[in-house]
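So the structure is just underneath, and the comments pick up after that.
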Amino acid sequence: MSDREKNERNHKVVVPIGPQHPSLKEPGSFKITLDGEKVERAVVEIGYNHRGIEKACESRNYIQALYIIERVCGICSHAHTSCFCQTFEDLAGLEVPRRAHYIRGIVGELERLHSHLLWLGVASHEIGFDTLFMYTWRDRELVLDLLARIGGNRVNYGVNTYGGVRRDLEPELMEDVLHVCDLLEEKLKYYADLAMTESTLIARLKGIGVLLPEDVKKYSAVGPVARAAGIMDDIRVTEPYGVFREIAVNPVTDDHCDVYGRTLVRVKEMLEAIRLIRIMVKEIPDGPISVRPPRKLPVGEALSRVEAPRGEDIHYIRSTGADAPDRVRVRAPSEANWHGMSHMLEGFQLADVPIIIAAIDPCYSCTDRAIHLIGDGVNQLTDWAQIRALSIEQYKARGIDPGSIKIREF
Amino acid sequence: MNTEETILALNQHFPALEAVSNHPLRIFTVFTTPAAFEEALHFANLTLGYHKGKHIIGTDEGADIGISYILSNDEDVLLVLRERVPKSAPNVRSMGELYPSLVLHERELVDLFGVQVSGLPEGPRYPLPDCWPEGEYPLRKEWNPAYFNKQTVTYEPPKEEDAK
């Protein structure tokens, strides 16, 4: 008897979702077997975004490979290059200057902020809380603007290089980093309070997508998914690297083991990121920001890891002594968190599927919104005021005049 | 179990693995046969407490395919256990029962290196598309992306007379 015949006899329905994701702008396919509204079985099919990055690195030199690695992910690009550079530096025996470690740390924590803010917005949208979605994405712009000023780009900042960083932080920019931290802290405390008291949000997120501590170990889940099950899994603490050898991280854990727990962990981690950024900006030492790396690596292999916003990121390089890697392997944190996805979905309602999937914060590539052209005087960067003016124009064209609505300046 | 204790236990029970550490939380071993590897993997899981399957790295070793399994324990030590199989008969057994988190990586070995993994649970292929040509394994060194036609999804290496 075929699966279809068995399902028909048992009154089961298979709902294919995808390959376009039910909520996020990424390709992924899910075959959900339903018993009424309840998910009985879920088969996850991914791989639509496979781009052959590892093969591409093998046929290019190390400098070219770094540019490819930066594009593994549009959200945590800095985490990937930090890990790849760390692996290279480990093999080359390079001593990275302290100031470079601090700059890597500041950019890394800014990246964690924008990644978690993006996630909080997506999660809010999934549960129909679009006001919070708009608030968090507005706040995220502050961080993206800072990152654009540091590296010249909103998502692939190009800050890292072998032996250090390519961009220094001027005192004026660091003042602005602190100013944004002050603004964001106020907002984040409000969101944390909201997450802990708003009954609709709690009712919608609590008790769904459960992954118990034993399941976290079984499926090797990482990052906020593991920490929301009470497991202290943070590479910045268990294997401190770079600036985290000097500055201690207070890891955030929670024991809800569900989507609500993952929300609380991420919101609290943003407050911790702000604390870390303030310390790093205050204690950043003077000195060089990079040392000259070798063009070729000695024969050998190295395995390195960093704590990306989504969890443990592992990179591997094998060198045969040439100027190009013999083998590159990237294990992004999302790859680790997919293993437990079927288990997280089974037993819950069909309506919970999008938010359960989104709760692992699966990685997708996002693109630049605008480009700032240097040199010819043409500015294509659309700022907040221009976006607002454009939206008002658009509404007026539809016969609605939102001009009379007073919006508080942020 | 920390790095030193693990190395001691491994070298005592499996001296052929030549377990060494070049980093406080890393243990590397040499390539071994599938039978010896499986024994060591079970020992690492059941006796040494390496219950987390982190990662699998396939490598092209010329006439062989190298497979490195990266495991971890509660102390977050990364243990790399390895096996080597000939390209002509790349057959291994799935470790998915011991490590469900490695199933996806084993599917990668099937698609990208052409390793035949017996005992893999039913499920979709990963990560190549369904239309990918049979017998083409892109992470083998002899596979050249220049000969891959993206329009027709076919691999078209030059014929011997053309190369001459």
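The values are calculated or read from the model by the stated rules, or taken from the named source; none is laboratory data. These numbers come from a predicted model, not from an experiment. Neighbour counts are summed over all protein chains in view; Cβ atoms, including those assigned to glycine, are modelled from backbone coordinates with ideal geometry.
Mind checking which helices (runs of 4 or more DSSP H) fall wholly inside the stretch A:174-254 and carry at least 2 residues that are within 14 Å of chain B (Cβ to nearest Cβ)?
A:213-219, A:223-227, A:235-238
Select from the stretch B:97-128 the residues that are of a type outside the set (Ser, Thr, Tyr) and free of Cβ contacts under 8 Å to residues at least 24 places away in the same chain and list them in ascending order.
B:97, B:103, B:104, B:107, B:110, B:122, B:123, B:124, B:125, B:127, B:128
Among A:297, A:303, A:276, which is the only one that is in a helix (DSSP H, G or I) and among the hydrophobic types (A, V, I, L, M, F, W, C)?
Result: A:276 is the single residue among A:297, A:303, A:276 that is in a helix (DSSP H, G or I) and among the hydrophobic types (A, V, I, L, M, F, W, C).
Kindly indicate the residue of the stretch B:11-27 that is in a loop (DSSP other than H, G, I, E, B) and within 14 Å of another protein chain (Cβ to nearest Cβ) and also surrounded by the fewest Cβ atoms within 10 Å (Cβ to Cβ) among those meeting that condition.
Across the stretch B:11-27, the extreme among qualifying residues is B:24.
Criterion first (more than 11 Å from every other protein chain (Cβ to nearest Cβ) and not in a loop (DSSP other than H, G, I, E, B)) does residue A:15 satisfy it?
Yes.
Out of the residues in the stretch B:49-64 that are farther than 17 Å from residue B:91 by Cβ and outside any strand (DSSP E or B), which is nearest to the other protein chains (Cβ to nearest Cβ)?
Out of the qualifying residues, it is B:51.
Please find, among A:331, A:310, A:305, the residue that is surrounded by 24 or more Cβ atoms within 10 Å (Cβ to Cβ) and within 11 Å of another protein chain (Cβ to nearest Cβ).
One residue alone meets the criteria, A:305.
Please state which one of B:65, B:56 is within 25 Å of residue B:143 (Cα to Cα) and touching a Pro at 6+ places or on another chain (Cβ under 8 Å).
None of the other options fit; the residue is B:65.
Just checking, which of A:356, A:400 is more than 30 Å from residue A:65 (Cβ to Cβ), modelled with pLDDT of 75 or more, in a loop (DSSP other than H, G, I, E, B) and of a type in the set (A, V, I, L, M, F, W, C)?
Going through A:356, A:400 in turn, the sole match is A:400.
Is there any pair with a first residue in the stretch A:314-335 that is on the phi < 0 side of the Ramachandran plot and assigned to a loop (DSSP other than H, G, I, E, B) and a second that is among the aromatic types (Phe, Trp, Tyr) and surrounded by 22 or more Cβ atoms within 10 Å (Cβ to Cβ) whose Cβ atoms are under 7 Å apart and which are 6 or more apart or on different chains, and what are they?
The qualifying pairs are A:323/A:62; A:324/A:62; A:325/A:62.
Determine whether residue B:99 is within 13 Å of another protein chain (Cβ to nearest Cβ), hydroxyl-bearing (Ser, Thr, Tyr) and touching a helix residue (DSSP H, G or I) at 6+ places or on another chain (Cβ under 7 Å).
For residue B:99, the condition - within 13 Å of another protein chain (Cβ to nearest Cβ), hydroxyl-bearing (Ser, Thr, Tyr) and touching a helix residue (DSSP H, G or I) at 6+ places or on another chain (Cβ under 7 Å) - is not met.
Please indicate, with yes or no, whether at least one residue in the stretch A:74-84 is within 14 Å of another protein chain (Cβ to nearest Cβ), touching a strand residue (DSSP E or B) at 6+ places or on another chain (Cβ under 9 Å) and in a helix (DSSP H, G or I).
Yes: the stretch A:74-84 contains one or more residues that are within 14 Å of another protein chain (Cβ to nearest Cβ), touching a strand residue (DSSP E or B) at 6+ places or on another chain (Cβ under 9 Å) and in a helix (DSSP H, G or I).
So which residues in the stretch A:255-283 are among the hydrophobic types (A, V, I, L, M, F, W, C) and more than 17 Å from residue A:216 (Cβ to Cβ)?
A:267, A:270, A:271, A:273, A:274, A:276, A:277, A:279, A:280, A:281
Checking residue B:157 against (1) more than 25 Å from residue A:311 (Cβ to Cβ); (2) within 10 Å of chain A (Cβ to nearest Cβ); (3) part of a loop (DSSP other than H, G, I, E, B), which single condition isn't satisfied?
(2)
Given the conditions (1) in a loop (DSSP other than H, G, I, E, B); (2) within 25 Å of residue A:141 (Cα to Cα); (3) in contact with a Ser or Thr (Cβ under 8 Å, 6 or more places away or on another chain), which single one is not true for residue A:49?
For residue A:49, the failing item is (2).
I'm checking my understanding of the structure. Among residues of the stretch A:226-277 that are among the aliphatic types (A, V, I, L, M) and under 19 Å from residue A:80 (Cβ atoms), which one is farthest from the chain's Cα centre (by Cα)?
The selected residue is A:243.
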